[in-house]
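Before any comments, here is the structure.
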Amino acid sequence: MCNACIPTLNTAQTTDAFADRLVDMLNQGALSLMVSIGHRTGLFDTLAELPPSTSTEIADHSGLDERYVREWLGALVTGGIVQYRPDDGRYQLPASHAAVLTRAASPDNIAVFAQYIGLLGSVEDRVIDCFRNGGGVGYEHYPRFHAVMAEDSGQTVLSALDEHVLPLVQHLIPRLEQGIRVLDVGCGRARVITRLAARFPRSEFVGLDLSDEALASAREEAARQGLSNIRFQQQDLTHFNRDAEPQGYDWVTAFDAIHDQAAPQNVLDGIHRTLKPGGTFLMQDINASSRLENNIAHPIGPLLYTISTLHCMTVSLAQGGAGLGTMWGEELARKMLGVAGFSDIDVHQLDHDFQNSFYVIRKAA
């Protein structure tokens, strides 16, 4: 690898320039937490609906405590996100900012992803202990993880499902209309296959996940919609290579689920085993490289490695797993899919989702 591939510092400006960068980093990190709060409380949605308003008017409209709203607004004003008129004490969220910060802006709502910062920070002490002693942090220590992932999936998969995701698999929609068996591996709250079960009543859908909390939410939603063609099963996928139903499914999906498994190769082996000949596996996973030098220019490279350190890698290690984290990129994914028995692999990037790749993988007939 050439030295030009690695960023270098101008030594004449090293201390001052880098100190300025660190100060900016602290400000941006603080704003990430404030953006998460703005999303979770609905404050961005409120601001987008209101004309220029005082902190009291904003708090009253949102049903929140004025003192907290005022202090939050201070962070957003000094951070250049919200505008402030000191002559009459009124605040306004510019339309150009609302376009990437409100629920109405989905799938372009970046505030959804800011939630990861606070969530990951909550396990910092546990991860530091792992730095010193090895091991990992289990799923049970991430109480909001599945809720945030469900929102993430809602923007990256659910919003694009009909127009962009399903058409990736040739002839899939007519087959779903006729009736096939579908398995979602690592389904979480199962928003995707619940949507599919409602749209395609002749097909049968099964969701597998380790989390009882996520599956309880999935079952509640399926029951609310009166869906009889979907069921869920709590399962540790570590030994899925031997537990998978042989040639049981026409279509298997895994949305952002493979790379943090304890034994991803076993999961892929099991998916190959459970697919019928000619069946298709659709996998959404990290759009990154297995090689660090190829990720230096990645638009969210630091975020990917941070999420890996504080979640993906450590939850795998907590189960005695491989802890792949960001080692899982297209190079390693293709290698492991080949070991599982797949050779027909296409990789797609969708315009709306710069953080993930969509793999269309076919099992030989």
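What follows draws every value from the coordinates through simple rules; no lab data is involved. This structure is a prediction, so every number in the text was calculated from the model and none was measured. Counting neighbours? That spans all protein chains shown, and the Cβs are built from the backbone with ideal geometry, glycine included.
When Rg and the Kirkwood Rh are both derived from Cα coordinates, the Rg/Rh ratio for the chain amounts to 1.00. Across segment 118-242, the convex hull enclosing all Cα atoms gives 133 Å³ per residue.
Can you list the trypsin sites (Lys or Arg not before Pro) in segment 146-226 that are in a DSSP coil and have 13 or fewer other beta carbons within 10 angstrom?
Working: sites: Arg175, Arg181, Arg189, Arg191, Arg195, Arg199, Arg202, Arg219, Arg224; in loops: Arg189, Arg202.
Here the trypsin sites (Lys or Arg not before Pro) that fit, given the DSSP loop and packing criteria, are Arg202.
Comparing Ala190, Ala244, Pro277 along the charge dipole axis of the chain, the residue lying farthest to the positive side is Pro277, per the Cβ-charge model.
Structural descriptor for segment 3-105: relative contact order 27 percent, calculated from alpha carbon pairs under 8 angstrom and at least 6 residues apart. Positive end of the dipole of the chain (Cβ unit charges, origin at the Cα centre): among Gln265, Pro94, Ala75, the Cα lying farthest that way belongs to Gln265. For segment 3-105, the Kirkwood hydrodynamic radius from C-alpha pairs, put into Stokes-Einstein at 20 °C and a viscosity of 1.002 mPa s, yields a diffusion coefficient of 140 µm² per second.
For segment 301-363, taking Cα atoms only, Rg and Dmax work out to 13.4, 36 Å respectively. One Cα centroid belongs to segment 207-280, the other to segment 310-327; the line between them spans 19 Å.
What's the magnitude of the charge dipole for the chain around its Cα centre, counting Lys and Arg as +1 and Asp and Glu as -1 at the beta-carbon? Answer in Debye, nearest 20.
Working: 28 positive and 44 negative charges, 186 e Å.
In total the dipole reaches around 900 debye.
In this entry, segment 199-241 is assigned a mean projected area of 3.4 nm², taken as a quarter of its C-alpha convex hull surface.
Principal semi-axes of the equivalent ellipsoid, √(5λ) from the alpha carbon gyration tensor of segment 229-365, are 25, 18, 13 Å from largest down. Only Lys, Arg, Asp and Glu carry charge here, each on its Cβ (+1 for the first two, -1 for the last two); on that basis segment 1-135 has a dipole of about 300 debye about its Cα centre. Peptides 275-287, 51-63 ranked from most to least packed give 275-287, 51-63, packing being the mean of other C-beta atoms within 10 angstrom over each peptide's residues.
Determine the relative contact order of the chain: mean sequence separation of Cα pairs under 8 Å and six or more apart, normalised by residue count, in whole percent.
Details: 598 pairs, mean separation 47.1, N = 365.
Contact order relative to length: 13 percent.
Note on segment 197-276: with charges restricted to the Cβ of Lys and Arg (+1) and Asp and Glu (-1), its dipole about the Cα centre is near 420 debye.
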